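Below is one structure, written out as structure tokens; comments come after it.
The values are calculated or read from the model by the stated rules, or taken from the named source; none is laboratory data. Note that the structure is predicted; figures quoted are calculated from it, not measured. Methodologically, a virtual Cβ is constructed for each residue, glycine included, from the backbone with ideal geometry; neighbour enumeration extends over all protein chains shown. Just the protein is used for accessible areas: all its heavy atoms, side chains included, with ligands, DNA and RNA removed. Shrake-Rupley method; radii C 1.70, N 1.55, O 1.52, S 1.80 Å.
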Amino acid sequence: MNNAYTSLKVAAYAILGIGSVLMLVPFLYMLSTSLTAAGSELTLPPKLIPDPFVWKNYRQVWIEVNFLQYTMNSIFVTIMDLIGTVASCAIVAYGLAFFQFRGRNLIFLAMLGTMMLPSQITMIPTYFIWKSLGALDTYYPLIVRSFLGGAFGIFLLHQFYKTLPKELYDAAWVDGANPWKIFYKIYLPLAKPALSALAVFTFISAWNNTLEPLIYLQNKQMFTLPLGLLFLKNEVQNRMTLIMAGAVITIVPVLVVFLFAQKYFVQGIASTGLKG
């Protein structure tokens, strides 16, 4: 019995290890190509370790192709999206989880129903709304919506709040605390795992967002990193080394955030539960 279990465990780790290596191959190829001299990226057989390392590819992309400006734009949009989403979702989920009012369940079900709608359905009406407000070629369409709450974030935090004992709220209320004080003194600190998970989801989504900047932004000085990477091919005349350098610059922040926040991310997802 023990031998069979050990064999299955070893086989599972072997399969996971092979899968991990296969998943890393595209990233390693991208990193290797970004450090390769121009014209040498398509040599056969391909070299995993460039000789020599050409760091000027990054300098050229960073300065000459304006990736420094794109990075600053992405940081601004992502931070604003992160603040708006986490704050608004935390407040709305708290209200839906603990306040009793007529139509609460209907509002919650309608909100969940919006998660079933493909974004393409609302894309055109949303575009004309922002156009009528004169907000095209600004960051408002990318930022304002995050301060209005998001169905996924509200659902995630709502489910987490429902796993916490209601007695905490009742005890604080008896002691004279108002709902806002109960929220930021008790439930908000307890919700750190779920808030961390939502923050990681939001960061990755906002940082990698390409479609909305493509729709609303025309001024190149306002491009975010994904949009800058999309147009990089024309800027550098199909030089694969520079394109790969731009891709590395774009993906590294996501990897760093996930590596440092993965503990809280997994904890938040695991502790959310499925309680209705």
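Which of the numbered conditions does Ala177 fail, given that it passes all the others? Conditions: (1) under 29 Å from Ser74 (Cβ atoms); (2) open to solvent by less than 30 Å² (accessible area, probe 1.4 Å); (3) part of a loop (DSSP other than H, G, I, E, B).
The failed condition is (1).
With the structure loaded, tell me whether Ala270 is at pLDDT below 80, open to solvent by less than 50 Å² (accessible area, probe 1.4 Å) and either basic (Lys, Arg) or part of a helix (DSSP H, G or I) (or both) or whether it fails that test.
no
At least 2 residues that are at pLDDT 85 or above and closer than 30 Å to Pro141 by Cβ in each: list the helices (runs of 4 or more DSSP H) lying fully within region 1-108 that qualify.
Fully inside region 1-108 and qualifying: 67-98.
Please indicate, with yes or no, whether at least one residue in region 182-192 is touching a Gly at 6+ places or on another chain (Cβ under 7 Å), in contact (Cβ under 8 Å) with a residue 24 or more places away in the chain, of a type outside the set (Val, Ile, Thr) and surrounded by fewer than 20 Cβ atoms within 10 Å (Cβ to Cβ). Before you say what the answer is, go through the steps one by one.
From region 182-192, those touching a Gly at 6+ places or on another chain (Cβ under 7 Å) are none; that's our starting set.
Checked against the condition, which is being touching a Gly at 6+ places or on another chain (Cβ under 7 Å), in contact (Cβ under 8 Å) with a residue 24 or more places away in the chain, of a type outside the set (Val, Ile, Thr) and surrounded by fewer than 20 Cβ atoms within 10 Å (Cβ to Cβ), region 182-192 yields no hits at all.
Take Met123 and tell me if it is touching a helix residue (DSSP H, G or I) at 6+ places or on another chain (Cβ under 9 Å), open to solvent by 30 Å² or more (accessible area, probe 1.4 Å), among the aliphatic types (A, V, I, L, M) and at negative phi.
yes
I'd like to verify a number: residues in region 230-249 that are touching a residue at least 40 places away in the same chain (Cβ under 8 Å) and either touching an Asp or Glu at 6+ places or on another chain (Cβ under 7 Å) or open to solvent by less than 50 Å² (accessible area, probe 1.4 Å) (or both), how many? Write out each step before concluding.
Of all residues in region 230-249, those touching a residue at least 40 places away in the same chain (Cβ under 8 Å) come to 232, 235-236, 239-242, 244-249.
So of that shortlist, the ones also either touching an Asp or Glu at 6+ places or on another chain (Cβ under 7 Å) or open to solvent by less than 50 Å² (accessible area, probe 1.4 Å) (or both) come out as 232, 236, 240-242, 244-249.
Counting residues in region 230-249 that are touching a residue at least 40 places away in the same chain (Cβ under 8 Å) and either touching an Asp or Glu at 6+ places or on another chain (Cβ under 7 Å) or open to solvent by less than 50 Å² (accessible area, probe 1.4 Å) (or both) gives 11.
Whether any residue in region 137-154 is more than 30 Å from Phe258 (Cβ to Cβ) and among the small types (Gly, Ala, Ser) is what I want to check.
Checked against the condition, which is being more than 30 Å from Phe258 (Cβ to Cβ) and among the small types (Gly, Ala, Ser), region 137-154 yields no hits at all.
If you take the residues of region 126-138 that are open to solvent by less than 70 Å² (accessible area, probe 1.4 Å) and part of a helix (DSSP H, G or I), which of them is nearest to Leu157 (Cα to Cα)? Give the derivation first.
Initially, region 126-138 is screened for residues open to solvent by less than 70 Å² (accessible area, probe 1.4 Å), giving 126-127, 130, 134-138.
After this cut, where a residue has to be part of a helix (DSSP H, G or I) as well, the list is 126-127, 130.
Details: Thr126: 26, Tyr127: 29, Trp130: 29 Å.
Per the stated criteria, the residue is Thr126.
I'd like to check something: does region 144-154 contain any residue that is open to solvent by 90 Å² or more (accessible area, probe 1.4 Å), in a helix (DSSP H, G or I) and over 21 Å from Ile91 (Cβ atoms)?
no
All but one of (1) surrounded by fewer than 20 Cβ atoms within 10 Å (Cβ to Cβ); (2) within 16 Å of the chain's Cα centre (by Cα); (3) modelled with pLDDT of 85 or more; (4) under 25 Å from Leu24 (Cα atoms) hold for Leu211; state the number of the condition that does not hold.
(4) is the only condition that Leu211 fails.
For every residue, the table says whether it meets (1) open to solvent by 30 Å² or more (accessible area, probe 1.4 Å); (2) not charged (D, E, K, R).
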position	(1), (2)
Ile49	yes, yes
Pro52	yes, yes
Asn66	yes, yes
Gln69	yes, yes
Ser74	no, yes
Asp81	no, no
Ser88	no, yes
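Could you grab me the full set of residues in region 180-221 that are outside any helix (DSSP H, G or I) and not hydrophobic (A, V, I, L, M, F, W, C)?
Looking only at region 180-221, we keep the residues that are outside any helix (DSSP H, G or I), and these are 191, 208-210, 217-219.
Asn208, Asn209, Thr210, Gln218, Asn219, listed by residue number.
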